[in-house]
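Just so it is clear, none of the values below were taken in a lab; they were calculated from the coordinates. Everything numeric in this text was worked out from a predicted model, so none of it was measured. Don't worry about glycine lacking a Cβ; one is built from the backbone with ideal geometry, like all the others, and counts go over all protein chains shown.
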Amino acid sequence: MQFVTICMAGLPAQIMIQLFVYKYCFSEDYVPPTIQYPSKRQDLYYHAGSPISLTCLAYGWPQPTFRWTLNGTDIVQSRFIHFDSVSGVLSFSQFSWKEEGAFRCIATNEFIDNSSEILELSSMSPIINLWQISVKQFDSSPKHVIVQEYDYVKLPCSQATAVRAKEKTYEWQDTRTRQKVSMDGDRLFIDQNGNLHFTYVLLADGAQDGYSCAIFVPPAQQISQGSKIVLIVDAVSPEVTQPVIQYHENVTARISSTAILECVFSGYDRLYPSFPTVKWVDSLNHPYITNTSKYSVLNSGRQLFVNGVQEKDETFYYCYANNSAGLAVSYVHLNVTSGPIFIKPPPRLTKAVLTKAHLFTCDTRSAEGETNPENPVWFLNSKRLQRQIADSRFTFANNYKTLILKNVRGPEDFVCVQCDVSNSVDIASANTCLVELISRWKFRSKEIQGGKAPPYVYFNTLTMAAYIDTCHLSKDEFFTIGGVYSIVLYTPYETVEVNTNVVLLDVEGK
């Protein structure tokens with residue numbers, strides 16, 4: 001296919017040179033499968049025997065079909081586990097520990113390439129880990145704690161780590177009545193590990209039959225009550241005691257999460273409030289932290305919530321407590337961590353230049369100061385690639401962080417690519433589909449790099465129309481546009497080269 005366009009210099013009006021119009025409808029006919037949900041890795045916890053459903057949402061044309069894998073193997077449907085290939089819903093009639101593992105949804109559709117071969121493209125979701133909520137055995141024998149009145153004491157919620165669940169809330173109860181223990185205006189405090197702190201003990205605290213730590217998981221279901229702790233209080237005369245740090249732990253929090261920092265001080269004062277109140281700073285020279293969108297100070301200052309944690313929030317946070325007897329200071333270090341962070345997140349859809357190599361990149365980092373991520377694991381259309389690639393079209397580079405499609409030939413090389421990358425914290429996943437080709441230009445037999453159009457050529461990739469608008473060209477620029485323009489174009493059915501020869505005529509004889 002060849003066109004000849006003749007242009008004359010010195011014409012009374014400038015002209016627009018149309019090189020070609022080449023229509024195609026491939027992008028309208030085919031849309032690769034793109035998974036919209038789940039969009040990130042998840043850990044989900046369910047009670048034994050629960051009927052549950054997992055949703056997978058994807059768009060594409062033709063409409064994608066679905067399947068699921070468990071720990072990398074296709075799920076065999078049974079009366080306990082079933083998925084709908086049209087809706088993408090995975091269902092469990094009665095979930096149990098036997099179904100625990102790493103689940104992934106795969107969405108697939110197909111198209112016909114230049115050689116009339118039917119090709120399938122598949123996208124793969126991030127991992128969904130399913131876990132059964134469980135309670136391990138713990139010591140249920142009663143315990144006795146003897147303490148003097150106005151002293152500090154901590155009652156441990158010893159079975160807190162025996163409960164496996166994503167979210168847990170704690171409540172201390174009277175062992176006999178199961179009535180909730182009053183926090184007595186913040187004199188008592190429950191930390192985020194479930195331990196019960198008495199800033200100072202009163203004689204009345206020993207009147208209960210016993211204290212038990214109760215653990216709840218959503219939806220507000222109590223699944224455990226700890227062993228009975230009997231508090232024996234010896235009466236003494238009250239004396240003012242200055243604050244002393246009794247409980248503080250360094251905290252590790254994920255980026256974008258909420259970190260809860262805690263400082264618990266003992267101390268008794270005859271003045272109001274009778275227990276120390278706590279204030280926080282994020283540097284020894286900074287003012288006290290107040291409630292903002294970034295920070296929340298709760299429970300008489302014993303807890304500092306750092307919202308939307310970022311890497312810059314990693315530092316020491318100092319807690320101050322004072323009463324009429326004196327001042328005490330302690331600290332909590334916030335360590336900010338993260339799963340692998342994509343340096344440049346791969347796009348859902350990507351395009352390649354015909355007859356050129358195309359690079360898929362899976363380059364990540366860990367949070368500052370932490371161990372680098374491992375090398376990525378790659379997949380082609382959801383099928384894992386080994387280090388020695390059997391498909392000769394591909395090769396690895398940059399310590400396996402880059403997958404190279406050596407030579408893009410046409411639609412037959414359309415593919416969806418996935419990568420998983422791990423560090424000590426988590427796994428990150430990415431999915432990108434190559435389904436668009438950039439035409440390759442030449443001008444005067446010289447190839448234009450990067451799929452760009454030649455100088456002064458306007459190329460609409462949607463309409464596939466190319467033209468030169470001479471309205472804004474100087475005379476010297478005008479005389480540079482003559483020559484043969486070549487472009488390689490494609491449809492699902494053919495790949496063609498279009499040549500247009502632009503001939504310049506100087507009517508003024510100059």
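Worth pointing out:
- Summing charges over all other residues whose Cβ lies under 15 Å from the Cβ of residue 308, with Lys and Arg as +1 and Asp and Glu as -1, gives -1.
- Cα-based values for region 298-375, radius of gyration first and Dmax second, are 22.2, 80 Å.
- Length gained on full extension, residue 447 to residue 342, computed as 0.36 nm times the residue gap minus the Cα-Cα distance: 34.5 nm.
- A convex hull fitted around the alpha carbon atoms of the chain yields 210 Å³ per residue.
- Calculated [222 nm] ellipticity per residue, helices only, for the chain: 0 deg cm²/dmol; basis is -39500 (n - 2.57) per DSSP H run with n ≥ 4, divided by all residues, nearest 500.
- Global size of region 284-433 as Cα Rg and Dmax, reported in angstrom: 23.6, 81
- More than 14 Å apart - percent of Cα-Cα pairs taken over region 175-266: 74 percent
- Whichever lysines have a C-alpha closer than 21 Å to that of residue 143, once near sequence neighbours (fewer than 8 apart) are set aside: 154, 180, 228
- FRET E, pair residue 94, residue 476, Förster distance 56 Å, beta-carbon r, rounded to 0.05: 0.10
- Other residues within the sphere of radius under 12 Å centred on the Cβ of residue 357, judged by their own Cβ, net out at +3 (K and R +1, D and E -1).
- Links that overshoot a 25 Å alpha carbon limit, given the list 406/446; 351/406; 40/356: 40/356
- Sum of side-chain charges, residue 385 neighbourhood, beta-carbon under 14 Å (Lys, Arg +1; Asp, Glu -1): +3
- The percentage of C-alpha pairs in region 410-471 whose separation is greater than 14 Å is 71%.
- Rg and Dmax of region 57-111, Cα atoms only, in Å: 12.1, 40
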